[in-house]
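What follows draws every value from the coordinates through simple rules; no lab data is involved. Keep in mind that this is a model prediction, so the values were computed, not measured. So basically every Cβ, Gly included, is an ideal-geometry build from the backbone, and we count neighbours across all protein chains shown.
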Amino acid sequence: MHRIAIITDDPGWHGKQLTHAFAGLGYSADFVSLTACSFQLTNSGLPIALPGYPDRLPRAVFVRGVPGGSLEEVVFYLDILHALKIAGVPVYNDAGAVERSVDKGMTSFLLQQAGLPTATTWVTRNREQALAVAEQELRDGHFLISKPLFGSQGEGIRRIEKSTDLLWLTGSRGIYYLQRFIECDGEGYSDIRVFVVNGRAVAGMRRRGISWLNNVARGATCECIELDEALAALAVAATET
């Protein structure tokens, strides 16, 4: 049976579902942490060492998460993914895609430069500038979202609604990433996630939150939706960007 390496440090419910999905297609799956991988550039053996793959590289690699760390550590983790692709192993999503999207600041910049609709955003290291932006947004009647530059599953996200909220406005490792809050259409709180594979929107879901934060890890529920042409086209354009 062909084996697929799922890159993650926290398999969770999604790891279990991926494992079942791959098994249904005739593939076994193993969870691999990039922290346990290395280069072994000798005259024998594999140049890329993955735990559990002593003699042969995996048939493919599915990236669920890249761990944090120092600049050197994160670059090394991405180097492993780059090397696997160079060695002929299909990597999804590959290191280039991760480099463009793991950093919310660059993601926002690329979307805005491409003319795609995206939230008004500020990214700065200067606390005084961040406070000035937040105070002006509140005066103009807008809520503001503060997010870590790196992160997922809703961790570390705050909504600034009033001036007293500014007391705990802190940067993520010294960087402030602020976005104007966008209200949801209809009743309650929800957003839409679209999955794009090989340039085609293949599935979509609506996430309904119990508060303004619509992450499943924060209690939201999911429902499958039909994609209309406009939504599918927007998702494909964002992915291409």
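If the Cβ limit is 7 Å and pairs must be 6+ apart or interchain, which residue in region 1-18 that is surrounded by fewer than 18 Cβ atoms within 10 Å (Cβ to Cβ) pairs with which residue that is acidic (Asp, Glu)?
From residues that are surrounded by fewer than 18 Cβ atoms within 10 Å (Cβ to Cβ), the pairs are Arg3/Asp30.
Please count how many residues of region 35-89 are surrounded by 16 or more Cβ atoms within 10 Å (Cβ to Cβ), closer than 19 Å to Asp10 by Cβ and not β-branched (Val, Ile, Thr).
Qualifying residue count, region 35-89: 8.
Residues of region 23-51 being touching a residue at least 40 places away in the same chain (Cβ under 8 Å) and either assigned to a loop (DSSP other than H, G, I, E, B) or not polar (S, T, N, Q) (or both), which ones?
Across region 23-51, the qualifying residues are Leu34, Cys37, Phe39, Pro47, Leu50.
Of (1) surrounded by 13 or more Cβ atoms within 10 Å (Cβ to Cβ); (2) in a helix (DSSP H, G or I); (3) of a type outside the set (Lys, Arg), Thr164 satisfies all except one. Which?
It is condition (1) that Thr164 fails.
Within region 78-128, can you find the residues that are farther than 24 Å from Arg64 by Cα and either of a type in the set (Gly, Ala, Ser) or touching an Asp or Glu at 6+ places or on another chain (Cβ under 7 Å) (or both)?
Result: Ala114, Gly115, Ala119.
Looking only at region 176-204, which residues are among the aliphatic types (A, V, I, L, M) and in contact (Cβ under 8 Å) with a residue 12 or more places away in the chain?
Matches in region 176-204: Leu178, Ile182, Ile192, Val194, Val196, Ala201, Ala203.
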